[in-house]
1. Between E129 and E3, what FRET efficiency follows from the Cβ-Cβ distance if R0 is 22 Å, with the result rounded to 0.05?
2. Assign unit charges at the C-beta atoms only (+1 for Lys and Arg, -1 for Asp and Glu), then state the dipole size of the stretch 6-148 relative to its Cα centre in Debye, rounded to the nearest 20.
3. Quick one: of K95/K228; K89/K255; K66/K176; K24/K455; K84/K266, which pairs are farther than 28 Å apart, Cα to Cα?
4. Give the relative contact order (percent, whole number) for the stretch 103-245; include only Cα pairs under 8 Å separated by 6+ residues.
5. Work out, step by step, the length gained on full extension between E240 and Y261: first 0.36 nm times the residue separation, then minus their alpha carbon distance; give nm to one decimal.
6. Dipole of the chain (Lys/Arg Cβ +1, Asp/Glu Cβ -1, origin at the Cα centre): which of T52, C150, G433 lies farthest to the positive side?
7. Which of V333, V238, N136 sits closest to the plus end of the dipole of the chain, meaning its Cα is farthest towards the positive end, when Lys and Arg get +1 and Asp and Glu get -1 on the C-beta?
8. HN-Hα J couplings of the stretch 438-450 from phi, Karplus 6.51/-1.76/1.60, θ = phi - 60°, integer Hz, Gly and Pro as x?
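Please treat every number below as a calculation from the coordinates, not as lab data. Keep in mind that this is a model prediction, so the values were computed, not measured. FYI the Cβ positions are ideal-geometry reconstructions off the backbone, even for glycines, and counts take in every protein chain you see.
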Amino acid sequence: SEEKIECDLTIIGGGPGGYVAAIKGAKLGAKVVLIEEGALGGTCLNYGCIPTKALVRSAEVFDSFKEAAEYGLSAKDFRVDMEKVIDRKNAIVSKLVGGVEDLLEKNNIRVISGRGKLINKDTVQAETEDKIIEVNSKDIIIATGSEPSCPPIPGANSKSVVTSKEILDLKELPEKFAIVGGGVIGMEIAFIFASFGVEVFVIEFLDDVLQTLDEDVIEEIKTAAEQKGIKIYTGSEVEEVIDTLNEKSMVRFTKDGRPEYLSVDKILMCTGRRPYLEGLGIEAVGIELNENKRGIKVNEKMQTNIDNIYAIGDVTDIMQLAHVASHQGIVAVENIMGHNAEMDYSAVPSAIFTHPEIATVGLTEKEAQSKGLNIEVGKFPYAANGKALTVGDDRGFIKIIKDQDTEKIVGAHIIGINAADLISSLTIAVKNGLTTKQITETIFAHPTTAEVTMKVFSL
Ligand code: FAD
C-alpha cells in the first residue's frame, strides 16, 4: 500500500547528524520527517563512539584490578566475562537510543522506520516493512553516514575476519588478534583487547600509526602500546588471509618489502570508512560528489549543488566525527529556516580513547609550520601534576602552539589521562582566538589535571 505525506523538512538517516538536525528543525518550527532504516542514533550510538567507550571503561576497570596492589588494595580471582561486558555495553546503548526516541517524539517528529530514496528534488520515497511512503517537502537533508571500506584482499571473506561493528559483540576473546589499520578505531580497539589479555598485532600500511598526529604524540602512544604488549607493524601491507586448521587464520603481509606471517584467531579490518550512498538515488537527482568521487559535495552552508538538498555528517567525507555531524546538521537547518550559518572547521576537537587518551584541536606543529606561521611551542608534562600522580598515571603531556605574531593559541595536543575532556577549554581558546596570557591568568582548580594546561606557558 502507499501513503503520501507533506512536510517542511525530510531527513534521511537518524545518526548524530540526522537526529540532531531533526530536533533543531522542529524547535525552529518546521514539520520534520526522519527516515531511518536501522537503529536511531546511527553508527555513533549503536556501533561507534558509545559502545567502544563502554568497552574502554570495562578495560580500564580490569586494568585497575591488575594494579590493585600498587594502591594498597588486593583483588583476587578477577577475570573478563565478555558476555557481561557486552551486556553492559548494550544496556548503555539502549538507554541512549531510548533517549533519542523520546526527544524525537517530544518534538513531534515523525520517524519512519524504513529505507529512504530520492525520487526527485522534492520527494523521498521510504520503503517500510509494509508500505511505501512518499514524503514531499521543501527541503531535504541527507545524513546517511558511512560504512567500513576494506581493500580487496584475497581471503578477506574468511570467518575470522570481522569489522568494527562485529567486534563489539564478540562474546569470546581471541587469543591472538590482528588489527589491520592503525587509525583511530584500530588503535582504540587494540588497547581495549590488550587490556583484556589478548595478544594484539596492529598492521599499518603507512609509516606510522595515527599518522595525522604530531610525532611526539605518536612516539608517546607507541611507547604506551609497547608497554601494553601491543605489537605494531608499520610500513606493512596485508596481502592475503589464509584459513588454517583449528579455526585459525594466517595473515600474510609484507613489511618494508619482506614477507611476514602471523597466525591469529581473529582479524579486524579497520582500514577506513567510506560515505554510504547505496541506493540513495543521488544520480537520479543529479547530486554532485567531491573531487575524489567519495562523499557528497557541499558548500559551507552544507548545501549540495541542488539548492534545497543538504548533506551532513560522514556522507560528506569531510571529518568522520559525531560532533561534526551534529554541528553540520545545525548549520544546515539554520540555513533551511532562513537564518545564515556557515561551518567553520578551524576549532574542531578530536579525541582518541586509547590508554592514555589523546585529544587535539586546531593546527598540528607540522600544519602551523607549513602555513608559514611564526610559532612557539610550549609543552608541560603530566609527571609534575599532583592529580595525575594520585590517580596513578602520570604519562604524557600537554602541548600548546601559539602564533608569536598574535600571541594567539592556534593548536593544542594532549596525551594523558582526561585528554578528551581537557581539550574543551583549549577548543574555546582556539575558537575564540585567546592568547596564552589569557590562559595563564585564569585560575584552575587544584588538584586537577587541567592545571597542566595553565602551566604550559607559565612555568
Ligand atoms: P551515522 O551515525 O552513520 O548514521 C547514519 C544513519 O543513516 C544510520 O543509522 C543508517 O542506518 C542510516 N541510513 C543510511 N542510509 C539510509 C537510507 N537510505 N535510508 C534510511 N536510513 C539510512 N566519532 C566521534 O566523534 N567520537 C568517537 O569516539 C567515535 N568512535 C567511533 C568508533 C567506531 C568503532 C566507529 C565506527 C565510528 C566512531 N566515530 C566516532 C565516528 C562516528 O560514529 C561518526 O562520525 C558518526 O556516527 C557520523 O554520524 P552521521 O549522522 O553522519 O552517520
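1. 0.95
2. Charge dipole of the stretch 6-148: 300 debye, to the nearest 20.
3. K95/K228; K89/K255; K24/K455
4. 19
5. Answer, rounded to one decimal: 6.6 nm.
6. Working it through, the farthest residue towards the positive pole turns out to be G433.
7. Projecting each Cα onto the dipole axis, the largest value belongs to V333.
8. 5, 6, 5, 7, 8, 8, 9, 5, 10, x, 9, 5, 4
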